[in-house]
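No lab work stands behind these numbers, since they all come straight from the coordinates. Everything quoted here is computed from the prediction, not taken from an experiment. So basically every Cβ, Gly included, is an ideal-geometry build from the backbone, and we count neighbours across all protein chains shown.
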C-alpha cells in the first residue's frame, strides 16, 4: 500500500508538472500571437484609434496646460527663444510626432494584401515595439529647432486639406452607396418607406438648422457675412435637389437630403469657428465663459474628429480604381497603407484645428477650430462638397454624351471611308 501510494503521488506530481508546463507554453504562444504576430487586424485598428485619441489629448494638454506642468524644463522653454514652446508650437510638435509615426506605419504596411504576411504581422502585432516608437516620436520633436516646426506648420495646411478631401469623398461615396442599396431592385420595396422617412427627416432637419442659424448668428442686419453663408447654404441645398430630381439624373431625394444635412452642419461649424469677439456670434460669448457646456462641446468635437479619422481610414474601398476584385478569405479586411495614410494626414488636421489653422494664433483654453482662417476653411469645404456631389450626379451624363459623340464621329468617318 505504501509503495502504491508513493507511485500515485509521483504520477500526480508528473501530471501536475506537465499540465503546468503545457499552461506556460499555452500562455507563451498566446502572448506571442498577440504581441508578436497580431492575428487580429480588426482589433488593431481600434488600438491605432486609441493611440490617435491619446495623441490628441496630449496635444490639447500641451497647448492649454503645458506651461504650468513643464515650466521647469528649461530645454523646452528655450526651444523658441523662451516664447510659447508649449502653446501653439507645442501642438505642432505633437502633431509632427504623430504624423511621423503613422507615416512610418504607412510606408511599412503599404501593399499588404494577404493575412499572416510580414506586413500584416507588423500592422496587427508587435505592440510593445510600436508603443515605444510612439513614445519616442512624441518626445523627439521637442528637441527640434523652432524654424523647422514652423515650416512643418505651413506644410500641415496642405496635409490637412488632403484629409478633408479624402473625408469628403468618403462621405459622398457612403451616401451614394446607401442610395444604390436602398433603391436596388432587391431592396426597393422593403426600403421605400424608410427612404421616404429618412429623406423627409433630413430636409426638415436641414431647414430647421438654417432657421436656427438665422436666429442665433444673425442678431443684427449688419451681420452680412453670416447672412451670406446661411443663404448660400440654403441655395446649395435647392440646387443639389433640383439636379438630383432632374429626369435625366433621377437621383431621388435621399442623397440630396443627406448632403443638405451635411452642408448645413459644415456651415454651422464654420460660423461657430468665428472669433469669440464677434457680435454676430452670440453662442461664442457663452462659450467664452468656460462653463460645463463648453467642456462638453470640446470633448464632443475632439471625439468627433477621432471618429471621423477612424471611419475614413477603414473606407479604402471607396478609393479603389478597380471595383471588380473578388475578396478571398486570406485577403486583408481593409487597406493598411491607406488606413495609416489617413491617420497621418489626420495628424496634420488635428494640429490645424487646435491652433485655428494659424501658426501665429493663440487659442483660448477649451476651444477648438476657432478663428477666421478656420471659418473660411470650413466654408470652402462646404462649397467643395456641394460641387463634388453635383459633379458626381452629372458626370455619367457628360461621359455618356462624349462617348455618343465619339461613336457618331467614328461612324461618320467609316461611312466616308467606304465611299
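Convert 37 °C to kelvin, take the viscosity as 0.692 mPa s, use the Kirkwood radius over C-alpha pairs of the stretch 345-402 as Rh, and evaluate the Stokes-Einstein diffusion coefficient in µm²/s, rounded to a whole number.
Once the numbers are plugged in, D ends up at 242 µm²/s.
What's the FRET efficiency of residue 222 with residue 121 using the Cβ-Cβ distance as r and R₀ = 56 Å, to the nearest 0.05?
Once rounded, the FRET efficiency stands at 0.35.
Of 177, 126, how do they rank once you tally other Cβ atoms within 10 Å and put the fewest first?
Least to most surrounded, the residues fall as 177, 126.
In what sequence, highest mean first, do 89-96, 114-121 appear when ranked by Cβ atoms within 10 angstrom?
My ranking of the peptides, most packed first, is 89-96, 114-121.
May I ask for the Rg/Rh ratio of the stretch 110-202, computed from Cα atoms with Rh as the Kirkwood radius, given to two decimals?
1.21
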